[in-house]
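Here's the structure, in structure tokens; my notes come after.
The values are calculated or read from the model by the stated rules, or taken from the named source; none is laboratory data. Nothing here was measured: the structure is a model prediction, and the numbers come from that model. Glycine also receives a Cβ, built like all others from the backbone with ideal geometry; neighbour counts cover every protein chain displayed. Heavy atoms of the whole protein, side chains included, go into the accessibility calculation; ligands, DNA and RNA do not. Shrake-Rupley method; radii C 1.70, N 1.55, O 1.52, S 1.80 Å.
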Amino acid sequence: MKITLELYGASRDFSENDYLEFNLHEKASINDLRNEIIKYLNKNFKDNKNFIKVVNSSTFCSEKNEIISDNYKITKNQKIGIIPPIGGG
């Protein structure tokens, strides 16, 4: 399945575009997608621990703008957003 990952906040530094694309196996979970993102970051940003921390602490949302958990099953080609935590002072 083709997943378009829409990048928001700090995750926009992962690409020159505002999205990344991944091919996942059928019925992959958000946790599987999270692992694929980390593989991409390790390959393209040489184990950037800050980027990996962003991915591990992020929430994901569906095309319907609903927060989805790590065990959510992806059943079709779709767009999924990654929502990093927002910090402030």
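Conditions (1) among the aliphatic types (A, V, I, L, M); (2) touching a strand residue (DSSP E or B) at 6+ places or on another chain (Cβ under 9 Å); (3) open to solvent by 80 Å² or more (accessible area, probe 1.4 Å), marked per residue:
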| residue | (1), (2), (3) |
| --- | --- |
| Ser15 | no, yes, no |
| Asp32 | no, yes, no |
| Val54 | yes, yes, no |
| Thr59 | no, yes, no |
| Lys64 | no, no, yes |
| Ile67 | yes, yes, yes |
| Asp70 | no, yes, no |
| Pro84 | no, yes, no |
Fill in: Every residue from the range 34-52 that is surrounded by fewer than 17 Cβ atoms within 10 Å (Cβ to Cβ) and aliphatic (A, V, I, L, M)
Ile38, Ile52
Practice prompt. Give the number of residues within the range 33-89 that are closer than 16 Å to Glu21 by Cβ and touching a Cys at 6+ places or on another chain (Cβ under 9 Å).
Written response: 3
Item to complete: Kindly indicate the residue of the range 26-55 that is of a type in the set (Asp, Glu) and in a loop (DSSP other than H, G, I, E, B) and also nearest to Lys73 (Cα to Cα) among those meeting that condition.
Response: Glu26
Practice prompt. Kindly check whether there is at least one residue in the range 57-65 that is over 16 Å from Pro85 (Cα atoms) and in a strand (DSSP E or B).
Written response: no
Worksheet item: Which of (1) closer than 18 Å to Glu63 by Cβ; (2) under 14 Å from the mean Cα position of the chain (by Cα) does Lys27 not meet, given it meets every other one?
Response: (2)
